[in-house]
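Below is one structure, written out as structure tokens; the observations come after it.
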Amino acid sequence: MIRLSIVLWTTVLLAAPVLADDTDARIEASRNAAMKLQSTLLAELQSAMKEGGPPNAIKVCNTRAPAIAKEISGAGNLRIGRTSLKVRNTNNAPDAWEKKVLESFEARKAAGEDPAKLEHHEVVGKEFRYMKAIAIPANMPCLKCHGEQLDPAVQAKLKELYPNDKATGYKTGDLRGAFTITQPR
């Protein structure tokens, strides 16, 4: 009996670093995927803004953002997207787990944590799940389409493409939502 216990504990102790390494690798892959989606989308949004202003950029979020997310998902054996407590695209509505994490991000921000550094990960069932907050930084064009005061052309384009839009009224420093990543275990 003692020998069996020693064997079991030895197995558990030897496996622990492998499990930790797996978690670290999954977190890193998730961070990289979120960064890739953010940087690629931002570059395309800035280009669209230069070409045709904010109404043109809204089209990028409408068509290119899902395509970019799909490309990154396929390349990394994961599923990546964006979600928020105030969604623009109803296809991006948070599931129960995502909603709980988004609410915890809001509470953590209210408690003084830097919104740009908020992230969370855990194993849920047979999936590794990760979320990284999207904060609205200063000096970025985010508020032209998500702010409190919107140009009438922006309002018209939003109404056309997103009739149920809830993603406005933000200020610098607010949490716009989060990148959400799911990896199979």
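Couple of notes before you dig in:
- Label-point separation in nm, residue 23 to residue 75, each point 7 Å along Cα→Cβ: 2.9 nm
- Placing R0 at 22 angstrom, the Cβ-Cβ distance between residue 31 and residue 100 gives a FRET efficiency of 0.60 after rounding to 0.05.
- This structure gives Cα extents along the principal axes in Å, computed directly, and of (1) 76, 36, 27; (2) 42, 36, 30; (3) 40, 39, 34 that value is listed as (1).
- As a rough guide to protection, the peptides 60-72, 153-165 ranked by mean Cβ packing within 10 Å, highest first, stand as 60-72, 153-165.
- Across the options 52, 37, 107, the greatest Cα extent toward the positive end of the charge dipole of the chain (unit charges at beta carbon of Lys, Arg, Asp, Glu) belongs to 52.
- Each part gets one Cα centre, and for segment 121-171 versus segment 33-53 those centres are 14 Å apart.
- Rel. contact order, % - alpha carbon contacts under 8 angstrom, at least six apart, segment 45-185: 31 percent
- Residues in the chain average 59 Å² of solvent-accessible surface per residue, probe 1.4 Å, ligands and nucleic acids excluded.
- Under 19 Å from residue 99, Cα to Cα: aspartates and glutamates that are on another chain or at least 8 residues apart: 113, 119, 122, 127, 165, 174
- For segment 122-174, a/c is not less than 1.5, where a ≥ b ≥ c are the root eigenvalues of the C-alpha gyration tensor, and a/b does not top b/c. That puts it in the oblate class.
- Helix 152-161 and the longest principal axis of the Cα set of the chain meet at an angle near 50°.
- With every protein chain in place, segment 83-185: carbon and sulfur % of accessible area (1.4 Å): 51 percent
The values are calculated or read from the model by the stated rules, or taken from the named source; none is laboratory data. Just so you know, these numbers come straight off a predicted model, no measurement behind them. Don't worry about glycine lacking a Cβ; one is built from the backbone with ideal geometry, like all the others, and counts go over all protein chains shown. Just so you know, the surface numbers come from the protein's heavy atoms only, side chains and all, with ligands and any DNA or RNA stripped out. Shrake-Rupley method; radii C 1.70, N 1.55, O 1.52, S 1.80 Å.
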